[in-house]
1. Which of the residues that make up the stretch 138-180 are touching a strand residue (DSSP E or B) at 6+ places or on another chain (Cβ under 9 Å), open to solvent by 60 Å² or more (accessible area, probe 1.4 Å), farther than 16 Å from Pro86 by Cα and not in a strand (DSSP E or B)?
2. Are any residues in the stretch 62-90 of a type in the set (S, T, N, Q) and touching a Ser or Thr at 6+ places or on another chain (Cβ under 8 Å), and if so, which ones?
3. When you check Ala12 against the structure, is it surrounded by 18 or more Cβ atoms within 10 Å (Cβ to Cβ) and either touching a residue at least 12 places away in the same chain (Cβ under 8 Å) or among the β-branched types (Val, Ile, Thr) (or both), yes or no?
4. Hey, among Glu74, Glu11, Glu41, which residue is more than 9 Å from the ligand (Cβ to nearest atom) and at pLDDT below 95?
5. List the strands (runs of 3 or more DSSP E) that sit entirely inside the stretch 1-56 and contain at least 1 residues that are in contact with a Cys (Cβ under 8 Å, 6 or more places away or on another chain).
6. With respect to Gly117, determine if the residue is in a loop (DSSP other than H, G, I, E, B), touching a strand residue (DSSP E or B) at 6+ places or on another chain (Cβ under 9 Å), at pLDDT 95 or above and crowded, with 20+ Cβ neighbours inside 10 Å.
7. What number of residues within the stretch 18-46 satisfy the criterion of being over 27 Å from the mean Cα position of the chain (by Cα) and surrounded by 15 or more Cβ atoms within 10 Å (Cβ to Cβ)?
8. Just the residues that are touching a residue at least 40 places away in the same chain (Cβ under 8 Å), open to solvent by 50 Å² or more (accessible area, probe 1.4 Å) and away from the ligand (no atom under 16 Å from the Cβ), please, taken from the stretch 183-203.
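The values are calculated or read from the model by the stated rules, or taken from the named source; none is laboratory data. As the structure is a computational prediction, the values presented were derived from the model and not from experiment. Here the Cβ positions follow ideal geometry from the backbone for every residue, glycine too, while neighbour counts run over all protein chains shown. Areas reflect the complete protein model, heavy atoms only, side chains present, ligands, DNA and RNA absent. Shrake-Rupley method; radii C 1.70, N 1.55, O 1.52, S 1.80 Å.
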Amino acid sequence: MEYFAPKSVSEALSLLERHGGQAKVIAGGTDVMVDIKYKEEPGCLVNIKAISGLSGIKENNGGLHIGPLTTIREIETSALVRDKLPVLWEAAHQFASLQIRNTATIGGNICRASPSGETLPPLLVLEAKGNLAFADKESREAFTSFFSGPGKTSLGAKGLLTGIEIPYPAAGSRGVYLKHAVRGAMDIAMVGVAVLITPDAAKNNVQDVRIGLGAVAPTPIRAAKTEALLRGKPLTPALLKQAAAMAASEASPIDDQRSSAEYRRWIVEALTRRGLAQTWKAATGKEVA
Ligand SMILES: Cc1cc2nc3c(=O)[nH]c(=O)nc-3n(C[C@H](O)[C@H](O)[C@H](O)COP(=O)(O)OP(=O)(O)OC[C@H]3O[C@@H](n4cnc5c(N)ncnc54)[C@H](O)[C@@H]3O)c2cc1C
């Protein structure tokens, strides 16, 4: 296996171009090293950790710019993320163990494109976008269209994620990320649900709501029908019950070693109900009643 440690994005891109499907990007390596040990060895590794300018968190045009090499621990310890994007902070805080959080990067979590990737439901509800670089072009794409299947993204084999742009949610919004896993720590989500809610000025109706579901479909998804059902209405107990059941019906989970599909649907319903009630109370001061 060949190994390269390019110093610039352009050098990394030409290596990916030259080695085509044989090359594998490595950042923190918490997924790649496990794959090398238990699945297959790539023809060559392109370690992007030495490229400057790809890590860090800064304010940028009414939102945050996060470099793909930023570790999950850096996100967890960022006051900016905790204050401005608590839904993403919660995902970082519940991620694996301290040891893994110190090594794993947000870019690796995104590019791995695992249906259970912890940061993905929060990024979907925040309507974040990725800066993508290829040998012949650059583009910016919303994460709502970036994932096409487990492990599959718009980057293909020759692209690099070079930045993550996250707009601040509307004033008065409240968000939450709820994770259900077999163990309390060091475990991948069996189901992850992110909710971001914005009440209207009078705090009577749901003005906007976004619901992101993880580990219950081939890619992380937005529960678009449930969101449409809720918009423009007061969050009554009957509507809450209907919305939670609808979110479960929008999921298409599988049976695997972590859970049956049926149980996952049930958890989606429970977490959606809890997430909506919790964020509504935080945003309006009102219990759902
Ligand atoms: C013990 C353990 C516990 C874990 N627990 C969790 C958990 O609770 N939640 C969770 O979501 N995940 C978990 N994971 C999975 C893993 O830690 C995360 O997916 C992590 O964010 C991957 O980041 P990384 O930097 O280590 O990526 P790497 O392993 O370096 O790369 C992951 C993938 O992304 C690609 N890649 C990385 N960066 C880029 C880039 N900038 N551009 C293009 N492609 C890129 C790589 O080629 C590879 O395909 C766990 C893993 C382990 C080993």
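1. Thr144, Lys158
2. Hits for the stretch 62-90 are Thr70, Thr71.
3. yes
4. Glu41
5. 2-4, 23-26
6. Against the criterion (in a loop (DSSP other than H, G, I, E, B), touching a strand residue (DSSP E or B) at 6+ places or on another chain (Cβ under 9 Å), at pLDDT 95 or above and crowded, with 20+ Cβ neighbours inside 10 Å), Gly117 qualifies.
7. Of the residues in that region, 2 qualify.
8. Across the stretch 183-203, the qualifying residue is only Lys203.
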